[in-house]
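Student: The following block contains the structure, expressed as structure tokens.
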Amino acid sequence: MNERLLVLNPAAFNWSMITPVLPELILLAIGVALVLLDLFAPRQRQMLPWMTVLGVSAVLLMNGAMSVPPDTSFMLVNDTYATFFSTLCLGSVILAALMRESYTSLVQSHQGEFYSLLVFSAVGMMVMVASVDLITIYLGLELMALPIYVLTGMHKKEKRTSEAAAKYFLMGVFASALLLFGMSLVFGLTGSSNLPAIGAYIKNHGLAANPALVAALALMVAGLCFKVAVVPFHMWTPDVYDGAPSVLTAFMSVGPKAAGFAIFGRIMLEIFPDLQANWGPVLVLLAVLTMAVGNIVALVQSSLKRMLAYSAIAHAGYALLGIAAGTASGMAAAMSYLFIYLFMNMGAFAILIIFSQGQEARESIDCCKGMAARNPLLALCMLIFMFSLTGIPPTGGFTGKFYLFQSALAAGYTGAVIAAVLLSAVSAFFYLRIIRLMYMSSPEEQPAIIAPTAGIMVALGIAVAGTLFLGITPGVLFDWAQRAMLP
């Protein structure tokens, strides 16, 4: 009570108190500014995507340059782990805003609130990745999810969009309830919501074998698996990804998923390290099932967008292998893979938007036929992204999988690595099918491609550069991820 009075006392206030949350506060201000600009300056609405990009980029640079000593007694920390995931999440916001600039002109509709909701969701993601307390983890999770529920159903005239929003909301609420129930059990057992304090209490009091703690672990794993689309908790993903606007699907498959893996890693490695013998094999099994379902079901998809949705499920399985290893190097490998996935997946969705000209009816795989003849540059970009998603050198997808498989082998999961390699070979069938259609099929009266706008071309340039650079010089990213895992 006395501590609270000191915080509320203006004389005792110090600006250093808000330093750990300064990036989040600035993002909130940017979101509000975007709302006001959309309402009161309609003639400047075309500047909304560029203002979003500039504002979020400034926060990204500031967050990376901040040197605040981590203090785990506070609910949010500014450690290298948080900086890594914040960079990833903010990067997905920047690319989504650039892609939306083109999408708006293609579908001939303006929804200025898209950018403010995107920024508000980014605030939730930043709170999640910087949280070392169960309370702020849950608050950040809901702050991230609520704007995305709204964004999913923004196209009210599309029936499948409304259906996707309803499914996402209902499944999201269910997953949050499971996660919250598990958190409440952990709090009841340890009397604390602080992650380091909980981990220390479990170790010092020998609670690793407590059935209630195992039940809490199971509930939290189930809730987190829902959030990152791990089989068998993936049921909502294909329909929601397929029904949501393409730009939002690209964002959802990267930013929120990365934030989910961030808290997945913190919780498993800080609260339950002593139970790794229990949850490690379970996560490995879920990872293999996720890779199998995602890759095999993607084989029979006729929609490029739905194929990428199942592809996103499969790649969640690859990333989960790193967490299942239960080591710092395994988590660093998962972090590196998620960062590479940012570029190759959002780049593929950018090409999809250009191919389909923003129309959901033109999202079939057949729209890729003869693309090399109609637009060689876009076909080359798509080839790079498909190679990377398959895991073919010298792209980032190959190096990302290499580090993941290496960490899983070191943890003793040889069978899982063999299964992952075989399933990667299966994925080559549907990824390379796109390349075959682009380069070895005739256009067959496909409509002419509308010239891409500056926004989506910038997004494509960033995605291609990131995919190739991280494939040629992978050590830079992996070293950063390893530093983030140091105590």
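Student: Determine whether D242 is among the acidic types (D, E), crowded, with 20+ Cβ neighbours inside 10 Å and within 28 Å of F343 (Cβ to Cβ).
Tutor: Working: among the acidic types (D, E): yes; crowded, with 20+ Cβ neighbours inside 10 Å: yes; within 28 Å of F343 (Cβ to Cβ): yes.
Against the criterion (among the acidic types (D, E), crowded, with 20+ Cβ neighbours inside 10 Å and within 28 Å of F343 (Cβ to Cβ)), D242 qualifies.
Student: Test M1 against the stated conditions and say whether it is at pLDDT below 85 and under 25 Å from the mean Cα position of the chain (by Cα).
Tutor: no
Student: Can I ask one more? Is it true that I353 is aliphatic (A, V, I, L, M), open to solvent by less than 20 Å² (accessible area, probe 1.4 Å) and in a helix (DSSP H, G or I)? Lay out the reasoning, then the answer.
Tutor: Details: aliphatic (A, V, I, L, M): yes; open to solvent by less than 20 Å² (accessible area, probe 1.4 Å): yes; in a helix (DSSP H, G or I): yes.
Yes, satisfied.
Student: Another question about this same structure. Check L404 against each of (1) closer than 20 Å to Y241 by Cβ; (2) of a type in the set (A, V, I, L, M, F, W, C); (3) at pLDDT 90 or above and name the one condition it does not meet.
Tutor: (1) is the only condition that L404 fails.
Student: Restricting the search to the stretch 139-170, which residues are out of contact with any strand residue (DSSP E or B) (no Cβ under 8 Å at 6 or more places or on another chain), surrounded by 19 or more Cβ atoms within 10 Å (Cβ to Cβ) and within 29 Å of F187 (Cα to Cα)?
Tutor: Those that are out of contact with any strand residue (DSSP E or B) (no Cβ under 8 Å at 6 or more places or on another chain), surrounded by 19 or more Cβ atoms within 10 Å (Cβ to Cβ) and within 29 Å of F187 (Cα to Cα): L141, L143, M144, A145, P147, I148, Y168, F169.
Student: Those residues that are open to solvent by 10 Å² or more (accessible area, probe 1.4 Å), aliphatic (A, V, I, L, M) and in contact (Cβ under 8 Å) with a residue 60 or more places away in the chain, I need them from the stretch 375-407; list them, please.
Tutor: I384, the sole residue that qualifies.
Student: Which residues, counting only those in the stretch 11-62, are within 14 Å of E101 (Cβ to Cβ), of a type in the set (S, T, N, Q) and at pLDDT 85 or above?
Tutor: T52
Student: Can you confirm whether the stretch 288-305 contains a residue that is within 15 Å of I434 (Cα to Cα), outside any loop (DSSP other than H, G, I, E, B), in contact with a Cys (Cβ under 7 Å, 6 or more places away or on another chain) and of a type outside the set (A, V, I, L, M, F, W, C)?
Tutor: no
Student: Additional query: One residue is enough: does the stretch 183-197 have a residue meeting the conditions of a type in the set (F, W, Y) and within 24 Å of A258 (Cα to Cα)?
Tutor: There is no residue in the stretch 183-197 that is of a type in the set (F, W, Y) and within 24 Å of A258 (Cα to Cα).
Student: Just wondering, is there one or more residues in the stretch 307-317 that are farther than 24 Å from F85 by Cα, open to solvent by 10 Å² or more (accessible area, probe 1.4 Å) and in a helix (DSSP H, G or I)?
Tutor: No, because not a single residue in the stretch 307-317 is farther than 24 Å from F85 by Cα, open to solvent by 10 Å² or more (accessible area, probe 1.4 Å) and in a helix (DSSP H, G or I).
Student: Here's a follow-up. In the stretch 171-188, what residues are among the hydrophobic types (A, V, I, L, M, F, W, C), closer than 21 Å to M235 by Cα and open to solvent by less than 60 Å² (accessible area, probe 1.4 Å)?
Tutor: M171, A175, A177, L178, L179
Student: Also, I was wondering about something else. Take I263 and tell me if it is buried (at least 24 other Cβ atoms within 10 Å of the Cβ), within 17 Å of I340 (Cβ to Cβ), among the β-branched types (V, I, T) and touching a residue at least 12 places away in the same chain (Cβ under 8 Å).
Tutor: The answer is no for I263.
Student: Return the total of residues in the stretch 189-217 being open to solvent by 60 Å² or more (accessible area, probe 1.4 Å) and touching a residue at least 24 places away in the same chain (Cβ under 8 Å).
Tutor: Counting residues in the stretch 189-217 that are open to solvent by 60 Å² or more (accessible area, probe 1.4 Å) and touching a residue at least 24 places away in the same chain (Cβ under 8 Å) gives 2.
Student: Here's a check for you: in the stretch 116-138, which residue that is more than 21 Å from V35 (Cα to Cα), hydroxyl-bearing (S, T, Y) and open to solvent by less than 20 Å² (accessible area, probe 1.4 Å) is nearest to the chain's Cα centre (by Cα)?
Tutor: Out of the qualifying residues, it is S131.
Student: Let me ask something else. Every residue in the stretch 161-191 that is modelled with pLDDT of 85 or more and of a type in the set (S, T, N, Q), please.
Tutor: Matches in the stretch 161-191: S176, S184, T190.
Student: Tally time: how many residues in the stretch 242-269 are modelled with pLDDT under 85 and assigned to a helix (DSSP H, G or I)?
Tutor: Selection size over the stretch 242-269: 3.
Student: Please indicate, with yes or no, whether at least one residue in the stretch 425-439 is at positive phi and at pLDDT below 90.
Tutor: Keep residues of the stretch 425-439 that are at positive phi, which gives none.
No, the stretch 425-439 contains no residue that is at positive phi and at pLDDT below 90.
The values are calculated or read from the model by the stated rules, or taken from the named source; none is laboratory data. None of the values given here were measured: they were computed from a predicted structure. A quick note on method: Cβ atoms are made from the backbone with ideal geometry, for glycine too, and the neighbour counts reach across all protein chains shown. The area values use the complete protein model at the heavy-atom level, side chains included, leaving out ligands, DNA and RNA. Shrake-Rupley method; radii C 1.70, N 1.55, O 1.52, S 1.80 Å.
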